[in-house]
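Structure record follows, encoded as structure tokens.
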Amino acid sequence: MVTGLPSIPFISTIKQTIIDAFIILLSKQIKKQAQMVEMIHSISIGYHSFAAQQVANELDIPHVVQLIGSDVTCLAPDFAISEFFKRWVTQVRFFIANSQSLNDSFRRLTDQDILIETIYRGVNTKIFKPTNVYFPDHINGECRFLYLGGYINKKFDIPGPDPKGGDLILRAWQILDSKSAGRAKLILAGPWINSDG
């Protein structure tokens, strides 16, 4: 196997070969675009970041991986201690976690001395403070919430991707909306929007 992915009992040889081929294909795609770059940044752990590391090794450039949460919390412990994963982790220049908890979780899972920088998301309100706050007349006391996580139009109880919880927030909002008598408004935006509501 070209990539050296561990043989996991429930993954058949054919499936393993397909995964290897997929990583090689991704590597070629990344390499084609990466000839003039000085660093590769992968968002989350996955086949794309394994492929990106192969390209980074070939081009002798750093590869940084951003841990987003589900990639760590859903990481199989057996895979996290496999030789393939250990080798990959040590080749990545450094990791970025968006919380100390995520940083600690990944460190425990990998059980290796690796560089993980915690960079919190959001706005540092000690530095950035609103000035001259005002509410235009047309708001009329209405409280507005903007949700930028995207939304997939599907029934809540049907399995499938809802990567940012848009479905859940909409259901919660429908309960809240009946109590707020229209004094609050939810605006959904972001990727995967496919809703009339």
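Debye calculation, C-alpha points only, no solvent: report log10 I(q)/I(0) for the range 12-129 at q = 0.13, 0.19 Å⁻¹, in the same order as the q values.
Once normalised to I(0) and log-transformed, intensities are -0.55, -1.05.
Please find the FRET efficiency linking Lys31 to Lys126, where r is the Cβ-Cβ separation and R0 is fixed at 45 Å, and quote it to the nearest 0.05.
With R0 = 45 Å, the Cβ-Cβ based efficiency is 0.60.
In terms of modelled amide H atoms, which long-range or inter-chain residues lie less than 5 Å from the amide H of Ala184?
It is Cys143, by chain and number.
Which cross-chain or sequence-distant (5 or more) residues have an amide H under 5 Å from the amide H of Ile116, H modelled 1.01 Å from N in plane?
Placed amide hydrogens put Phe95 under 5 Å from Ile116.
Under a 5 Å amide H to amide H cut-off, with H placed in plane at 1.01 Å, what residues pair with Ile68 once short-range neighbours are removed?
HN-HN under 5 Å from Ile68: Ser44, Ile45.
Where a number appears in this text, it was derived from the coordinates with a stated rule and is not lab data. The model shown is predicted, which means the values in this text are computed figures rather than measured ones. Ideal geometry is used to build each Cβ from the backbone, glycine not excepted, and the neighbour counts take in all protein chains shown.
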